[in-house]
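K.L.:
This structure is in structure tokens; I'll ask about it shortly.
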């Protein structure tokens, strides 16, 4: 009998290739049909291995969800960028490869990200999510988030609404 390990840890530079692959899989699955094709393709090309190596060495905290030695997901987090919201922490991204979604691993990664922000002294957390990303909207509501603000992002001339979810 073998044991499958599930670990959430800080990203290391040697994780860059696996995070880039996870980003590509998650974004392709999540945003096909939401973002214009050209914008999505550009983002996937830009977030290559070198980009992730630089990000890991930068000031943003990056957590990886390691399932049996495979990077199944990641979260990026830091200080809240929206000055109009009082929450001090922000989870910038939280993505899992499609084959790891729907079994509670996202909740584990989300909880770990919130705990890390709290341990860094951040009071409250905000997460922004595109309104058309219905699975993410449902996820954040199920995690107890309240959508309290709206914003917009434009991708290749297409303006999309985003929602801010907060936790005290």
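K.L.:
Identify, from the list 165, 139, the residue that is under 20 Å from residue 63 (Cβ atoms) and part of a strand (DSSP E or B). Show your work before the answer.
P.N.:
Details: 139 fails: part of a strand (DSSP E or B).
It is 165.
K.L.:
Could you list, in sequence order, the residues of the stretch 21-54 that are surrounded by 15 or more Cβ atoms within 10 Å (Cβ to Cβ), in a loop (DSSP other than H, G, I, E, B) and either without any contact (Cβ under 8 Å) to a residue 12 or more places away in the chain or under 15 Å from the mean Cα position of the chain (by Cα) (or both)?
P.N.:
Answer for the stretch 21-54, where residues must be surrounded by 15 or more Cβ atoms within 10 Å (Cβ to Cβ), in a loop (DSSP other than H, G, I, E, B) and either without any contact (Cβ under 8 Å) to a residue 12 or more places away in the chain or under 15 Å from the mean Cα position of the chain (by Cα) (or both): just 47.
K.L.:
Additional query: Would you mention how many residues in the stretch 133-144 are surrounded by 12 or more Cβ atoms within 10 Å (Cβ to Cβ) and in contact with a helix residue (DSSP H, G or I) (Cβ under 9 Å, 6 or more places away or on another chain)? First the steps, then the outcome.
P.N.:
Looking only at the stretch 133-144, we keep the residues that are surrounded by 12 or more Cβ atoms within 10 Å (Cβ to Cβ), and these are 133, 135-137, 139-141, 143.
With in contact with a helix residue (DSSP H, G or I) (Cβ under 9 Å, 6 or more places away or on another chain) added as a condition, the list becomes 133, 135-136, 139-140, 143.
Total satisfying the criteria: 6.
Quick note: the coordinates plus some simple rules give every number you see, no bench work behind them. Everything numeric here is computed off the predicted structure, so don't read it as measured data. Cβ sites come from the backbone with ideal geometry, for glycine too, and all protein chains shown count toward neighbours.
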